[in-house]
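Asks: Right, I'll just put the structure down here and ask away after.
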Amino acid sequence: MLPSPICRLARCAALLPLLATTGLHAQTIAPPRPTLDSIAAAWVSPTRSVGLVAAVSRGADPLLVAGYGRANVEWDVPMPADAMFEVGSVAKQFTAVAILQLQDAGRLSLDDDLTRWLPDVDTDGRRVSLRQLLDHSAGVFRFAEEPEWERNMFVPGMPRDSARRLIRLTPFRFEPGTAQAYNNAGFWLAGLVVERASGLPLERYFAERIFTPLGMRRSMFCNSLADVPRRAHGYMQQAGSIRRAPMVSYGWVFAPGAVCSTAADLIVWLQALHGGRVLSPAAYAMLTSPSTLRDGTALQYGLGIKVGRDFDGRRYVGHGGTAPGFRADATWYPDEQLAVVVLMNTASPNLSAGELAGQLVQAVSPGRGDSRRTFTGDASALVGTYRLIAGGNQPLATIDVTATAEGLAFAPNGGRAQPLPWVGGLTFYANAHTTLTFRRVDGPSGPTMELHRDDAGNHAILRRE
């Protein structure tokens, strides 16, 4: 039997700023609250998450703020609705916002070269802009994913200064601005820039310039050694067993993912950010507009935040996050004025906070139903083996494209071929936020064909052999 949700709607509703609800789709009708309850509760199980908190708010109307499962397994502590979680890369938008706030204040520019602020880093003569750090197009070496770096993440109290000796930008993965590969290292550097330009440690900047002004009383720069009331403990699914996740030194993790928060606070954040209370209109447009590569290729990513349309055509702006023992997703749907937050205290390879968030969105704002269509164009012009030439981070080397009775089929790295839903033109959806788009490099009838795989953070470019 699933645990009953623990809800504090009155308290959470008081935290939510009032926003106008004009412009909502006429078809958007709030479902009964029990529908959302049942969707969220189904994700608490021995094969899914130990516990979670889900929050959904449309305009000024909080549709769901509830905790499910357990915050602590060992002591069988129920999950409170205001539990604090480690939210991983959801933090990237806070770092990006800090850079934009400093630009609004005239302290820096997105177009500044990194060496203006960090003259001691070696760019090997390349110009790397702050903008490129924030949209993952800088191409710098992924020092924050190196084994020595990651080992130090699990040493309690590891001082941040110790990380400086491990920072290196070379060898570059690609020339800045020519491709995109998700990179925590870029945000680590951006955090140092915030400190240099503001004169404040990043922890104080977040607290004094973002959390406190917005009334986000249960948000903080994570500190694993601090005693935090109603903190959710993280767990790992390993070989069918639940194990406590290791403690993380968040001073070492720093700007890419060191924020702890609650679902209600993140609803406040989404409504404030997208309601014009955080940035100037010009800075907000920079944050939420799709970035472009040097050749004009549009990305499904702004600055520290994903932007695009999901499988059902809804516009979205948001980000997911992972941390040892945690999964998170916080997304805003501007056309519906809908804020959706899912925080989980379990990590496993097949567990996705974004998937649950998508189910909640579908219940509140039904999409167009089955959007699977068969490609009707000339498949023969697209089939072949495409090999990675730039961008991306996943172990993606090749994609074989074949023609089947169900339409074009795609097989990454020689795996099983699968037909994918056709969106239109030469674009297909691998999942809600991942597109595959064919592009001719040398004109409409040229022989060179590329396949661009964009998962809102990684833009991999593959070329047909």
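Asks: Work out, step by step, the length gained on full extension between Arg309 and Thr115: first 0.36 nm times the residue separation, then minus their alpha carbon distance; give nm to one decimal.
Replies: Extra length available between Arg309 and Thr115 comes to 66.3 nm.
Asks: Packing-wise, with mean Cβ within 10 Å as the measure, how do 345-358, 154-167, 58-71, 262-275 rank, highest first?
Replies: In decreasing order of mean packing, 345-358, 154-167, 58-71, 262-275 become 262-275, 58-71, 345-358, 154-167.
Asks: Moving on to the next point. Using Stokes-Einstein with the Kirkwood hydrodynamic radius over Cα pairs, what translational diffusion coefficient do you get for the chain at 37 °C and a viscosity of 0.692 mPa s, in µm²/s rounded to a whole number?
Replies: Estimated diffusion coefficient is 143 µm²/s.
Asks: Distance in nm between label sites at Thr47 and Glu146, each 7 Å beyond Cα in the beta-carbon direction?
Replies: Taking the simple label geometry, Thr47 and Glu146 are separated by 4.1 nm.
Asks: With a ≥ b ≥ c the root eigenvalues of the C-alpha gyration tensor of region 47-128, is it rounded (a/c under 1.5), prolate (a/b larger than b/c) or oblate?
Replies: prolate
Asks: Applying 1/(1 + (r/R0)^6) with R0 = 22 Å to the Cβ-Cβ distance of Leu166 and Ser241, what FRET efficiency is obtained, to the nearest 0.05?
Replies: Efficiency computed from Cβ-Cβ geometry: 0.10.
Asks: Also: How much of the DSSP beta bridge set in the chain is antiparallel, as a percent to the nearest 5?
Replies: For the chain, the DSSP antiparallel bridge percentage is about 95.
Asks: Over the Cα atoms of region 379-464, Rg to Rh with Kirkwood Rh, two decimal places?
Replies: When Rh is taken as the Kirkwood radius, the ratio is 0.92.
Asks: So what is log10(I(q)/I(0)) for region 241-384 at q = 0.12, 0.20 1/Å, when the Debye sum runs over its Cα atoms only?
Replies: Rounded to two decimals, the profile gives -0.65, -1.33.
Asks: Arrange the peptides 181-190, 398-407 so that the one whose residues have, on average, the most other Cβ atoms within 10 Å appears first.
Replies: Descending mean neighbour count gives 181-190, 398-407.
Asks: Grab the beta carbon distance between Glu74 and Thr35, set R0 = 25 Å, and tell me the FRET efficiency rounded to 0.05.
Replies: Using R0 = 25 Å, I get an efficiency of 0.15.
The numbers here are math on the coordinates, done by the rules we state, and not lab data. What you are looking at is a predicted structure, and each value in this text was computed from that prediction instead of being measured. Cβ: placed from backbone, ideal geometry, glycine included. Neighbour counts: every protein chain shown.
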